[in-house]
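Report on the following structure.
The values are calculated or read from the model by the stated rules, or taken from the named source; none is laboratory data. In this text the structure is predicted, and so the values were computed from the model without any measurement. Here the Cβ is made from the backbone with ideal geometry for all residues, glycine too, and neighbour counts use every protein chain on show. Quick note on the areas: whole protein, heavy atoms, side chains included, nothing else; ligands and nucleic acids left out. Shrake-Rupley method; radii C 1.70, N 1.55, O 1.52, S 1.80 Å.
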Amino acid sequence: MIALKALPLSVKLTAACVALLALIDFSQRVWVSSEANPPAVPQFNASDYATQAPSMNAALQQWIEQQRSAAAQAAQEQSVSQPQAELLPGGVNLGETRVRVRATYTSSATGAQLALLEAQQINNRSLELTEVDEGFEIDNYKVSKITADSVVFVNAEGEQVTVPVFDY
């Protein structure tokens with residue numbers, strides 16, 4: 001503060017003029033007048049502009065096709081080399097279904113004989129666990145009798161097939 005008082009008056013006036021010019025320059029460049037009108041901006045209309053449809057390089061298309069065919073071939077080789085699930089051991093084939101009896105029991109609610117069957121489609125190897133009673137039909141074979149150790153199936157021609165309870 002003492003050094004500022006010791007400066008000559010001409011230096012003080014010059015510094016004040018420079019500060020005033022800087023303030024004026026700042027106000028003209030940066031300050032936006034509130035009276036300024038916003039510029040007229042035309043509305044954007046997308047239909048006025050047209051572009052080409054995107055296209056892929058021919059070499060890239062060829063490479064993608066090669067990758068797809070290689071993946072399809074690998075999947076086919078894997079499906080051929082991969083064995084299907086095995087058929088149920090201890091089961092009996094009834095038409096296109098392999099049947100295995102897991103248990104037979106008497107219902108406490110109704111007193112009817114029931115059997116717990118595992119049925120596996122031979123073609124696609126899907127497995128289904130089903131509770132059946134007499135009269136239940138599976139692949140054109142009807143349950144005719146449920147005993148303590150087996151289930152008897154009969155087809156339309158009268159052929160009887162006895163499936164014993166499977167025991168490990």
**Asked** Would a scan of segment 121-141 turn up a residue that is basic (Lys, Arg) and free of Cβ contacts under 8 Å to residues at least 40 places away in the same chain?
**Response** no
**Prompt:** of a type in the set (S, T, N, Q) and surrounded by fewer than 14 Cβ atoms within 10 Å (Cβ to Cβ), is that true of Gln113?
**Reply:** no
**Prompt:** Given the residues Ala119, Ala156, which is the only one that is of a type outside the set (Asp, Glu) and open to solvent by 60 Å² or more (accessible area, probe 1.4 Å)?
**Reply:** Ala156
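Check whether at least one residue in segment 114-134 is of a type in the set (Lys, Arg), in a loop (DSSP other than H, G, I, E, B) and under 24 Å from Asp167 (Cβ atoms), and report yes or no.
Residues of segment 114-134 that are of a type in the set (Lys, Arg), as a first pass: 125.
Filter once more, keeping what is in a loop (DSSP other than H, G, I, E, B): 125.
Of the ones still in play, those that are also under 24 Å from Asp167 (Cβ atoms) are 125.
Yes.
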**Item:** Evaluation of Ser108 against (1) small (Gly, Ala, Ser); (2) open to solvent by less than 60 Å² (accessible area, probe 1.4 Å); (3) modelled with pLDDT under 90 (one fails), failing number
**Value:** (2)
